[in-house]
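Bear in mind that the values in this text are calculations on the coordinates, not laboratory data. Just so you know, these numbers come straight off a predicted model, no measurement behind them. Positions of Cβ are backbone-derived with ideal geometry, glycine not excepted, and every protein chain shown enters the neighbour counts.
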Amino acid sequence: MTSEVYTIEDLKAWDRPGTWLAVLGKPIHHSLSPAMHQAALRHMAQEHPEFNDWTYTRFEIAVENLAEALALLHQHRFLGVNLTIPHKVEALKAVTEREESVDHMGAINTLSWQPNRYRGYNTDGFGMERAIALNLGVRLDEKPVIILGAGGAARAAAVQCLERGCSELWVGNRTQGRLEALVDDMAPLYPNAEIRGFRFGFVPQSLPKGALIIQATASGLKEGDELPLSFECFDESAVLFDMIYNPSVTISMQAAQAVGMRVANGLDMLVYQGARALEIWTQFDVPAAVMRTALLNYKV
């Protein structure tokens with residue numbers, strides 16, 4: 001893994017040989033993406049030596065420098081770029097060629113080099129769907145879905161579920177404004193689905209008891225965080241997917257397990273959104289298992 005963290009100044013003077021991929025964010029030093037992508041590229045190079053000169057690295061880029069950075073990355077022919085906080089939404093202004101689902105999700109996390117511009121994708125929904133299928137054995141159209149949160153991660157989850165045929169979607173959030181905005185945005189895009197919202201302090205009696213619950217808030221990242229809602233109102237047929245992967249067992253997972261629910265964290269979502277991005281860039285099958293092992297073995 002390349003350990004460097006580069007800046008916009010490094011990019012202006014870029015003259016390094018080889019094929020480069022990058023993740024942009026601020027802060028970015030904590031990103032695990034280089035570890036898993038480099039592991040995959042090393043594995044792929046065993047059969048395809050051309051990947052020996054591919055390198056995935058990190059750039060710490062302020063949001064006001066994003067447009068300039070993307071222009072420089074394209075100029076220096078970085079074949080693939082990942083975007084993380086705070087750039088996923090901001091990139092919509094700079095990237096005009098993109099998949100339709102990107103506009104529905106309201107965010108871009110992957111860019112692929114094209115001769116005249118970058119093309120934008122969002123692989124987060126794919127990663128989530130794959131992780132839920134692998135860890136919980138549930139399809140997104142199989143159960144009612146309850147999404148906890150109404151931010152960017154929740155929006156991506158909602159679009160992926162609705163695109164896959166989810167017919168009953170509930171969105172819960174602490175604040176009314178963001179909750180209403182997400183529900184109001186989704187309803188006209190997916191008129192055949194029943195889409196409802198609720199506040200965490202006012203859980204409706206009609207909330208389905210055997211749902212797929214997707215935890216998309218920041219609750220559980222810090223010690224002392226509160227649960228978004230109680231899981232005691234659900235039965236054992238409900239399952240919980242928490243997008244957080246560190247800690248590996250969150251407060252929501254603990255509470256759900258206490259009432260007999262099956263649970264999974266977000267590690268495989270991270271793996272499969274990355275694997276899908278690498279597939280887009282390389283046009284080869286990508287060893288997701290190798291990427292997962294690299295994350296599990298990574299030491300800061």
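Key figures for this structure:
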read-out	value
Filter result for Asp285 (in contact (Cβ under 8 Å) with a residue 24 or more places away in the chain and charged (D, E, K, R))	no
Search result, residues across the range 264-291 that are out of contact with any Phe, Trp or Tyr (no Cβ under 9 Å at 6 or more places or on another chain) and either outside any helix (DSSP H, G or I) or more than 13 Å from Asp124 (Cβ to Cβ) (or both)	Glu279, Gln283, Asp285, Val286, Pro287, Ala289, Val290
The range 64-77 residues that are over 14 Å from Glu9 (Cα atoms), paired with ones that are surrounded by 14 or more Cβ atoms within 10 Å (Cβ to Cβ) and among the charged types (D, E, K, R) (beta carbon under 8 Å, 6 or more apart)	His74/Arg117
Residues that are out of contact with any Phe, Trp or Tyr (no Cβ under 6 Å at 6 or more places or on another chain) and either without any contact (Cβ under 8 Å) to a residue 12 or more places away in the chain or closer than 24 Å to Phe198 by Cβ (or both), drawn from the range 127-138	Met128, Glu129, Ala133, Leu136, Gly137, Val138
Some residue of the range 267-274 being under 20 Å from Ala156 (Cα atoms) and out of contact with any Gly (no Cβ under 8 Å at 6 or more places or on another chain)	yes
Sole exception among (1) surrounded by fewer than 17 Cβ atoms within 10 Å (Cβ to Cβ); (2) on the phi > 0 side of the Ramachandran plot for Ala258, by number	(2)
